[in-house]
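The values are calculated or read from the model by the stated rules, or taken from the named source; none is laboratory data. None of the values given here were measured: they were computed from a predicted structure. Backbone-built Cβ (ideal geometry, glycine too); neighbour counts: all protein chains shown. Note: areas computed on protein heavy atoms with side chains; ligands, DNA, RNA excluded. Shrake-Rupley method; radii C 1.70, N 1.55, O 1.52, S 1.80 Å.
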Amino acid sequence: MVQHKLDIRGVLSNLPLFRNLDAEEIERVVLPATREIRSERGDTLFQKGDQLSGMYVIVYGQVKLAFPSASGSEKVLQIFGAGESFGEAVMFLERPAPIYAQTLIDSLILLISKQAIFEAIERDPTFARRMLGGLSMRLHALVQDVESYSLRSAAQRVIGYLLQSAPESETQSTEVTLPASKHVIASRLNLTPETLSRIFSQLSHDGMITVSGRDVTIHDVERLRNYE
């Protein structure tokens, strides 16, 4: 794995979560409680049942959170990328993790201790509001997921996922890159890989998209939005 020189202080200062903390607080409270985790693709950051000692921030790379099953399959809950954090809710609950976290590609991740987070919350109400805001947005996304699985067809889920990656102002053609393998994307959308492949084939046959590996060309965004 390629090693990168990292300015941890600079990374923390530029995270939205810590942007209102002054340099002295980051230096005194957050920095000493932060450690680097350099993970290769497929590494497990924590298992289901583990107690989390802090929250995680991705400097670069990708991480999936998933539920394991007795059959060996998984349900991917979320996929996180650079600049995003995860593990906060489990950290606050101080209960065993109900999910596991695994890197999808080589990644550099910061683990910030629970004690440092609690100190920042006590000292800075803005930090606490941002933390609550982030957790609330994540809960809202999970509710939308449940609604999607319950009320939308498999094709509608796939189309919605593709359109999320397209620029909101775009109505003509655009290209999106899937953030993970089709197997992971299928699990994220509560589909089997075979169903996802079948939908991609149907959309390609109808001239909606062209798929090349993880790259998907949407030929007409507005037409795809109205696809039945």
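The listed residues are Leu21, Leu31, Leu17, Leu12, and the only one of them that is over 28 Å from Lys182 (Cα atoms), assigned to a loop (DSSP other than H, G, I, E, B) and of a type outside the set (D, E, K, R) turns out to be Leu21.
Taking the range 176-199 as the range and being touching a strand residue (DSSP E or B) at 6+ places or on another chain (Cβ under 8 Å), over 22 Å from His219 (Cα atoms) and among the hydrophobic types (A, V, I, L, M, F, W, C) as the test, only Val184 passes. In the range 194-214, the qualifying residues are those that are assigned to a strand (DSSP E or B) and of a type in the set (A, V, I, L, M), and the one that is nearest to Ala66 (Cα to Cα) is Val211. Considering the range 34-65, and only residues there that are assigned to a strand (DSSP E or B) and either out of contact with any strand residue (DSSP E or B) (no Cβ under 8 Å at 6 or more places or on another chain) or β-branched (Val, Ile, Thr) (or both), the residue that is most open to solvent (accessible area, probe 1.4 Å) turns out to be Thr44.
Just one of the numbered conditions (1) more than 18 Å from the chain's Cα centre (by Cα); (2) farther than 22 Å from Glu122 by Cβ is not true of Leu45: (1).
Which of the residues that make up the range 39-95 are touching a residue at least 60 places away in the same chain (Cβ under 8 Å) and β-branched (Val, Ile, Thr)? Scanning the range 39-95 gives Val76, Ile79. One residue stands out in the range 70-116 among those that are under 15 Å from the mean Cα position of the chain (by Cα) and β-branched (Val, Ile, Thr): the one that is farthest from Asn190 (Cα to Cα), namely Ile109. For Arg9, the criteria (1) open to solvent by 80 Å² or more (accessible area, probe 1.4 Å); (2) modelled with pLDDT under 80 hold in every case but one, which is (2). Taken as a whole, the condition of being over 18 Å from Leu104 (Cβ atoms) and acidic (Asp, Glu) does not apply to Asp43.
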